[in-house]
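Read the structure below first, then the notes.
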Amino acid sequence: MSDDIATRKMQFLFALRSKGVTDQRVLEAMEKIDRGAFIKGLFAERAYEDMPLPIACGQTISQPSVVGLMTQALNVQPRDKVLEVGTGSGYQAAILSQLARRVYTVDRHKRLVLEAREIFAALDLSNITAIAADGSFGLPDQAPFDRIIVTAAAEDPPPPLLAQLKIGGIMVLPVGQSDHVQSLIRVTRTEDGFEYDELRPVRFVPLIEGLGPEG
Ligand code: SAH
């Protein structure tokens with residue numbers, strides 16, 4: 001690693017801490033998983049900036065501090081089975097793979113799923129399964145989940161995802177009616193129902209029904 005990249009990586013971790021990512025396990029996972037591996041082309045050199053960046057299929061890799069804060073809010077435990085809706089670049093799933101027993105990640109764009117699978121294999125992240133599917137229906141075959149994270153915004157938490165959360169389970173997702181005003185919320189399933197906490201304003205691409213154009 002050149003000094004330049006080493007310095008940028010240190011600044012990357014510093015930025016995470018200064019934006020409130022304090023969970024040691026999350027910081028260690030984000031130190032270990034190289035965001036640069038998930039960004040191709042022109043924007044690769046900006047991988048260590050705390051910014052969302054464009055990826056294929058008109059989608060975005062989330063801002064690192066938002067990835068950190070969402071992962072922290074999810075409070076993943078080592079035995080957990082986690083579902084991510086919105087694979088995108090695969091970066092968030094790779095972070096989760098360091099904290100959970102098993103990660104299932106789904107995206108409506110097959111191309112993104114295929115590219116993410118290649119990166120997971122190259123990095124030897126063998127506890128992630130990436131599937132092309134409409135994640136608004138969850139993943140009934142693998143349900144229920146200890147944790148669910150959604151990285152695209154719906155108006156409300158999709159009912160199938162609520163149904164696929166274990167009792168005691170946690171789901172973190174952005175919700176909101178427009179592109180501009182969205183809130184990150186945490187839903188905890190209790191014996192009697194669901195508890196909702198509003199965490200912070202965020203901005204995500206929308207959750208869209210159906211598979212992408214390439215099927
Ligand atoms: N977590 C990603 C960023 C996701 S961007 C990362 O770490 O890079 C949001 C993703 O959600 C996009 O790739 C988009 O294709 C996907 N998406 C939108 N609606 C979806 C749906 N109904 N089912 C599955 N994926 C969906």
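The values are calculated or read from the model by the stated rules, or taken from the named source; none is laboratory data. Quick caveat, the model's predicted, so the values are computed rather than measured. When we count neighbours, we look across all protein chains shown, and the Cβ atoms used for this are built from the backbone with ideal geometry, even at glycine. For accessibility, only protein heavy atoms count, side chains too; no ligands or nucleic acids. Shrake-Rupley method; radii C 1.70, N 1.55, O 1.52, S 1.80 Å.
Scanning segment 89-122 for residues that are within 11 Å of the ligand (Cβ to nearest atom), of a type outside the set (Ser, Thr, Tyr) and open to solvent by 10 Å² or more (accessible area, probe 1.4 Å) gives 92, 107, 108, 109, 110, 111, 115, 119. As a summary of the residue check, residue 114 satisfies the conditions (1) within 23 Å of residue 131 (Cα to Cα); (2) in contact (Cβ under 8 Å) with a residue 40 or more places away in the chain except for the one numbered (2). Residue 60 fulfils the conditions (1) within 12 Å of the ligand (Cβ to nearest atom); (2) surrounded by 20 or more Cβ atoms within 10 Å (Cβ to Cβ); (3) within 18 Å of residue 130 (Cα to Cα); (4) under 12 Å from the mean Cα position of the chain (by Cα) except for a single criterion, (2). Consider segment 123-154 and keep the residues that are free of Cβ contacts under 8 Å to residues at least 24 places away in the same chain and closer than 26 Å to residue 36 by Cβ. The one that is least open to solvent (accessible area, probe 1.4 Å) is 126. Here residue 159 clears all of (1) surrounded by 15 or more Cβ atoms within 10 Å (Cβ to Cβ); (2) within 16 Å of the ligand (Cβ to nearest atom) except the condition numbered (1).
May I ask you to verify whether residue 187 is more than 11 Å from the ligand (Cβ to nearest atom), touching a helix residue (DSSP H, G or I) at 6+ places or on another chain (Cβ under 9 Å), of a type in the set (Val, Ile, Thr) and open to solvent by less than 20 Å² (accessible area, probe 1.4 Å)? It is true that residue 187 is more than 11 Å from the ligand (Cβ to nearest atom), touching a helix residue (DSSP H, G or I) at 6+ places or on another chain (Cβ under 9 Å), of a type in the set (Val, Ile, Thr) and open to solvent by less than 20 Å² (accessible area, probe 1.4 Å). Restricting attention to segment 161-207, the residues that are small (Gly, Ala, Ser) and at pLDDT below 95 total 2.
Within segment 69-87, track down each residue that is within 14 Å of the ligand (Cβ to nearest atom) and open to solvent by 10 Å² or more (accessible area, probe 1.4 Å). Result: 69, 86. Being among the β-branched types (Val, Ile, Thr), out of contact with any His (no Cβ under 9 Å at 6 or more places or on another chain), within 15 Å of the ligand (Cβ to nearest atom) and in a helix (DSSP H, G or I), is that true of even one residue in segment 24-45? Within segment 24-45, one or more residues are among the β-branched types (Val, Ile, Thr), out of contact with any His (no Cβ under 9 Å at 6 or more places or on another chain), within 15 Å of the ligand (Cβ to nearest atom) and in a helix (DSSP H, G or I). Residues in segment 46-57 that are open to solvent by less than 40 Å² (accessible area, probe 1.4 Å) and in contact with a strand residue (DSSP E or B) (Cβ under 6 Å, 6 or more places away or on another chain) were compared, and the one that is nearest to the ligand (Cβ to nearest atom) is 55. Does residue 190 meet the test of being in contact (Cβ under 8 Å) with a residue 60 or more places away in the chain and of a type in the set (Ser, Thr, Tyr)? So residue 190 fails the test. For segment 46-99, filtering for residues that are of a type in the set (D, E, K, R) and assigned to a helix (DSSP H, G or I) leaves 1.
Condition check ((1) under 15 Å from the mean Cα position of the chain (by Cα); (2) in a strand (DSSP E or B); (3) within 23 Å of residue 78 (Cβ to Cβ)) across all residues:
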position: 162; (1), (2), (3): no, no, no
position: 168; (1), (2), (3): no, yes, yes
position: 174; (1), (2), (3): yes, yes, no
position: 179; (1), (2), (3): no, no, no
position: 185; (1), (2), (3): yes, yes, no
position: 188; (1), (2), (3): no, yes, yes
position: 192; (1), (2), (3): no, no, no
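Does residue 119 satisfy the condition of being touching a strand residue (DSSP E or B) at 6+ places or on another chain (Cβ under 6 Å), under 29 Å from residue 28 (Cα atoms) and of a type in the set (A, V, I, L, M)? No, not satisfied.
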